[in-house]
Every structure is written in structure tokens, then in C-alpha cells.
Amino acid sequence: SQQGEEDPQALSIQEGENATMNCSYKTSINNLQWYRQNSGRGLVHLILIRSNEREKHSGRLRVTLDTSKKSSSLLITASRAADTASYFCATARGGANSKLTFGKGITLSVRP
Amino acid sequence: GAVVSQHPSWVICKSGTSVKIECRSLDFQATTMFWYRQFPKQSLMLMATSNEGSKATYEQGVEKDKFLINHASLTLSTLTVTSAHPEDSSFYICSARAPTEGTYEQYFGPGTRLTVT
């Protein structure tokens with residue numbers, strides 16, 4: 001069953017602008033991860049944030065996590081046409097056999 | 001970095017036949033592997049979780065007799081779609097997990113597109 005719910009479902013921006021994507025979830029988690037998927041391809045892991053962390057950076061990516069609101073945001077700064085892809089958040093409840101539950105995904109289009 | 005491969009990358013088969021998809025972790029030992037399916041413009045739906053040497057755990061609604069999973073070694077898991085039908089046409093993605101510093105990151109394969117005619 002789906003847990004993460006991203007919004008917006010589709011986002012179109014101009015190259016150079018920032019893109020903000022949000023994800024909400026319903027149950028307690030151990031960590032939340034963001035993935036990118038180019039059309040017809042596998043998933044690329046972008047960043048993982050643990051439940052005891054509030055913010056994390058990786059290059060042009062900034063992820064925040066608010067466990068009280070059960071939400072996370074992914075910010076891509078200075079977007080590039082190559083950032084065009086689908087983005088998914090996924091939550092894990094923890095433990096060795098913990099499985100990821102994916103949200104529906106956000107389609108990001110960056111216009112050159 | 002950790003690499004997961006899938007073979008084949010795409011396959012077309014006739015209705016009623018069986019298809020086997022392989023998932024390999026190339027440079028690490030995967031204690032757990034996961035199989036997902038993804039319909040166009042939709043999210044990934046977990047089908048089953050497999051641990052090396054034991055039976056797979058299937059998600060609710062996934063027919064275990066139709067989607068046979070074998071995790072024979074720490075680097076190989078296979079998914080066999082038996083008696084395939086057109087509605088089984090989908091993008092199948094595997095992922096492998098290697099416990100790393102307790103975060104249990106998953107590494108995804110590139111996916112296999114199955115088309116059943």
C-alpha cells in the first residue's frame with residue numbers, strides 16, 4: 001500500500017529556477033529517502049534522511065523532514081534540463097527487513 | 001558504488017509462456033532483495049521480499065504461484081512470471097539491500113520491461 005504522497009504531482013519550471021517537491025506520509029518512520037527515475041529507467045537514490053534529522057544537503061539538493069507533520073520536502077536549486085525526471089519519496093519503518101513504501105511520484109519538467 | 005543489474009532489460013513473450021528475470025548484485029552481497037512492478041506513469045508497487053536461502057514474502061494480492069521468486073545466492077535473485085498474460089505487461093524492478101552502517105540502503109536495478117502479446 002502507498003504511504004508517501006507527493007505534491008505537486010507535476011511541476012514545470014524554467015532552467016535555473018528552484019524546484020520544491022513535498023511528500024507526506026502516515027505512519028512513524030525510521031528514515032525517508034528520495035529517488036529519481038528517468039523515463040523507462042531504474043531508480044537512482046538521491047538522499048536519505050533519518051527520523052532524528054531535520055535537514056540534509058547533497059550538492060544542489062536540500063531535504064527537510066518534519067516528523068511532527070509527517071512531511072518532507074526536496075529542494076533542487078538552480079535546476080537544469082537534466083533534472084527532468086520523476087521523483088519519488090519512500091519511507092522505511094526500520095529494521096533489517098524493512099521495506100520501502102513509495103509515494104506516487106512527481107513529474108518534474110525543466111524547460112531549457 | 002553498489003551496482004545491481006537486471007537481465008534481460010526487455011522481453012516480449014506470448015501469452016501463456018513463462019519468463020524469467022534475473023537480478024544480480026555485482027559488487028556486494030545482498031542479504032535481502034525486493035521485486036517491484038511499475039505501470040506507466042505510476043509508482044512502484046512492492047511485490048515480494050526475498051532473503052537468501054528462504055522463501056519469499058509476498059505482498060497482499062500478489063499471486064505467489066504466478067510470480068515465482070528464487071533467491072539462490074547472496075548475489076542472485078530471479079523472478080519467473082508463469083503463464084504470462086497481457087495484464088502482466090509491466091516494468092519490473094528489483095532492488096538489493098546490503099546493511100551499511102545500519103541504514104540498510106537499497107540499490108535498484110535498471111528494470112525489465114515485459115510485454116506479453
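Values quoted throughout were computed directly from the atomic coordinates according to the rules given, and no laboratory measurement underlies them. Remember, it's a predicted structure, so these values are computed and weren't measured experimentally. With ideal geometry, Cβ positions are generated from the backbone for all residues, glycine too; neighbour counts draw on all protein chains shown.
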Between region A:50-112 and region B:49-117, how far is it from one alpha carbon centroid to the other, in angstrom?
24
Please work out the FRET efficiency for the pair A:Ser68 and A:Asn38, using the Cβ-Cβ distance as r and a Förster radius of 41 Å; give the result to the nearest 0.05.
0.75
Calculated SAXS-style log₁₀ I(q)/I(0) at q = 0.10, 0.11, 0.25 Å⁻¹ - region A:22-112, Debye, Cα scatterers:
-0.25, -0.30, -1.36
Label point distance in nm, A:Lys26-B:Arg113, each placed 7 Å from Cα along Cα→Cβ
3.3
Once normalised by the length of region B:29-117, the mean sequence separation of its alpha carbon contacts under 8 Å that are 6 or more apart gives a contact order in percent of 29
Shielding by partners - mean other protein chain Cβ count within 10 Å, residues of B:40-49
5
